[in-house]
Amino acid sequence: MTKIPVAKFFQTIRFTIFLTMALSLLLSGFLNGQDRDGDSGRYVILNAQYGTEQRNVDVTPRLRELARRDRQFRVEYESIQADPAPGRPKMLRVFAQEPDGHERAFDFPDGSIFDGAQFRGWGRGDWGDEHWNGGWNGRSADNHDGPRQDFREDHDGDRRGDHHDSGEFVILSAQYGTERRHVDVTRRLKELARRDRRFVMDNRTFGVDPDYGHRKVLRIYARGPEGREHMFEYPEHGWVDGAHFRSWGSDEWSHGDDHWSGRWNVEEHDRQ
């Protein structure tokens with residue numbers, strides 16, 4: 001039997017280990033790239049607008065740039081590189097198409113985190129309708145070039161036409177402030193819901209400043225259709241939209257619900 005020198009034996013072992021590690025890293029990078037650039041999302045982006053209803057700009061090209069770099073980013077005029085309404089709270093509105101052809105709009109207010117995971121081909125940036133003519137409010141039957149499509153949206157910050165009470169989540173409680181100092185504003189939120197479906201939120205909205213000098217948030221705790229408790233967070237000076245809450249405009253939620261856990265912290269809830 002031919003004997004292999006000890007030095008050569010260990011050299012072979014080291015080479016095998018190195019080759020295994022290199023292949024593992026290459027495979028990991030390939031899978032991560034597939035996850036980032038893959039077609040696992042449900043919706044195909046058509047157009048993106050940023051601003052307010054009165055003042056807004058098309059930011060689809062900028063969104064493509066962000067998509068190629070990051071899967072998530074914070075929505076603000078610095079990241080969007082546009083400020084069509086200086087000094088006013090703005091939002092990013094993304095119009096996308098479902099597999100069945102319907103169009104939906106997703107609203108992301110300033111301060112919120114945008115996640116491209118739900119959009120097909122996000123990381124590649126090979127989406128967008130260059131002939132989009134819907135503007136801020138989307139394409140209606142009057143200006144739609146193709147077959148008529150119902151304009152619908154779901155609970156991810158979107159609109160559903162006039163169906164104000166068709167949301168999936170039942171509100172349990174609403175808290176405003178910071179982790180160390182916050183107050184219950186459920187009753188006030190109910191008053192606002194009767195008047196408006198969407199509003200800008202700050203200290204004046206609730207008539208209280210529970211932690212002076214600190215940035216505050218509104219946290220709405222709600223129960224989902226599966227029975228779990230979810231938490232929706234809205235930054236101060238951001239938009240609050242009741243589209244994804246059931247019976248938002250009526251008086252049928254949070255009658256002293258004793259099933260709310262009473263916990264403020266994000267990690268203790270399914271954050272939306």
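Filtering the range 168-213 to residues that are within 24 Å of the chain's Cα centre (by Cα) and part of a loop (DSSP other than H, G, I, E, B) leaves Glu168, Thr178, Glu179, Val185, Asp196, Arg197, Met201, Asp202.
Apart from one condition, Arg69 fits all of (1) basic (Lys, Arg); (2) open to solvent by less than 10 Å² (accessible area, probe 1.4 Å); (3) free of Cβ contacts under 8 Å to residues at least 24 places away in the same chain; the exception is (2). Of all the criteria given as (1) modelled with pLDDT under 90; (2) closer than 16 Å to Trp239 by Cα, the one not satisfied by Gln118 is (2). Within the range 98-114, does at least one residue satisfy the condition of being of a type in the set (D, E, K, R), at pLDDT 90 or above and more than 21 Å from Glu236 (Cβ to Cβ)? No, the range 98-114 contains no residue that is of a type in the set (D, E, K, R), at pLDDT 90 or above and more than 21 Å from Glu236 (Cβ to Cβ).
Kindly indicate whether Asp257 is at pLDDT 80 or above, part of a loop (DSSP other than H, G, I, E, B) and either hydroxyl-bearing (Ser, Thr, Tyr) or open to solvent by 20 Å² or more (accessible area, probe 1.4 Å) (or both). Against the criterion (at pLDDT 80 or above, part of a loop (DSSP other than H, G, I, E, B) and either hydroxyl-bearing (Ser, Thr, Tyr) or open to solvent by 20 Å² or more (accessible area, probe 1.4 Å) (or both)), Asp257 does not qualify. The single condition from (1) among the polar types (S, T, N, Q); (2) more than 27 Å from Asp70 (Cα to Cα); (3) at pLDDT 85 or above that Ser166 fails is (3).
The values are calculated or read from the model by the stated rules, or taken from the named source; none is laboratory data. Predicted model only: the values in this text are computed from it and were never measured. So basically every Cβ, Gly included, is an ideal-geometry build from the backbone, and we count neighbours across all protein chains shown. Protein only, heavy atoms only, side chains kept; ligands, DNA and RNA dropped before computing areas. Shrake-Rupley method; radii C 1.70, N 1.55, O 1.52, S 1.80 Å.
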